[in-house]
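Below: the structure, in structure tokens.
No value in this document is a laboratory result; all are computed from the given coordinates. The shown structure was predicted, so the numbers you read here are calculated from the model rather than taken from an experiment. As a convention, Cβ positions derive from the backbone with ideal geometry for all residues, glycine included, and neighbour counts pool all protein chains shown.
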Amino acid sequence: MKENGTIESIRKYPSPNPNVELLEVVYWSEGFRVKGLLAKPKANGNHEGILYLRGGLQSVGMVRPARIAQFASQGFFVFAPYYRGNRGGEGRDEFGGSERLDALLGIEVLKQLTEVNSIHLFGFSRGGLMALWTAILYNEVSSVVTWAGVADLTALYYERVDLRRTLKRIIGGSPNKYPELYEERSPIFEVDGISAPVLIIHGTEDQNVSIEQSVSLERALKEAGKEHETWYMSSLAHHFPPHMNRETVRAICKWMKEKSKK
């Protein structure tokens, strides 16, 4: 079994942006070959890194080349793990279980393939849960952004009736039967371990992940005395309109760069 974080292969991937190079990377995580997509700005400069943590499960919410190129065009190296069991990767995605290591090792991939001096964490939806866990497990990050993010898996189970069967299949049962399995996947109970500043973004009309997830996270961070900021977006849903999306990405990247200077 190869060492965690060892890169198995790299291949060029079609890029939607002429100023950004894309590479698909296969790396090792707990004996599994896991895939991810790396975006590299072609312009010279002292680039920072973003570990981009996708939402969804399997083909839903899969990493989109245009999305990570959007962040890379702001001057960041970006690596987005697919998580184990996705796009031909080995293993099984456990929705906040052992694939947390795939995210953590994504930082090692970034370090091996780029010369970044600071790394930021970005998570959307389910990726918010992954970003928070990565920040808990790895203290040397400059900032954390969770956008429409999940923080409490038990709350998600009760919010999303349509996800209950999937969550029971992956986790082994409901929160009523196995509350400890849901709690151990929920980073909201471990925010004491976060040392980086956290930015919380959420649309007030989100029907996929309730804004209460972010409100609860904000409360937990405040009680733990952690640096945090909230951008609650009035009348917006889970996915923002294109113009608002672009503006928000630019604002996030500016916020990240400011945190690197501190």
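Structure notes:
- Search result, residues across the stretch 236-261 that are out of contact with any strand residue (DSSP E or B) (no Cβ under 8 Å at 6 or more places or on another chain), under 18 Å from S125 (Cα atoms) and either assigned to a helix (DSSP H, G or I) or in contact (Cβ under 8 Å) with a residue 40 or more places away in the chain (or both): P242, N245, R246, V249
- Selection within the stretch 163-196 - assigned to a loop (DSSP other than H, G, I, E, B), of a type in the set (A, V, I, L, M) and out of contact with any helix residue (DSSP H, G or I) (no Cβ under 6 Å at 6 or more places or on another chain): none
- Scope the stretch 197-235; condition in a strand (DSSP E or B) and in contact with a Lys or Arg (Cβ under 8 Å, 6 or more places away or on another chain); matching residues: V198, H228
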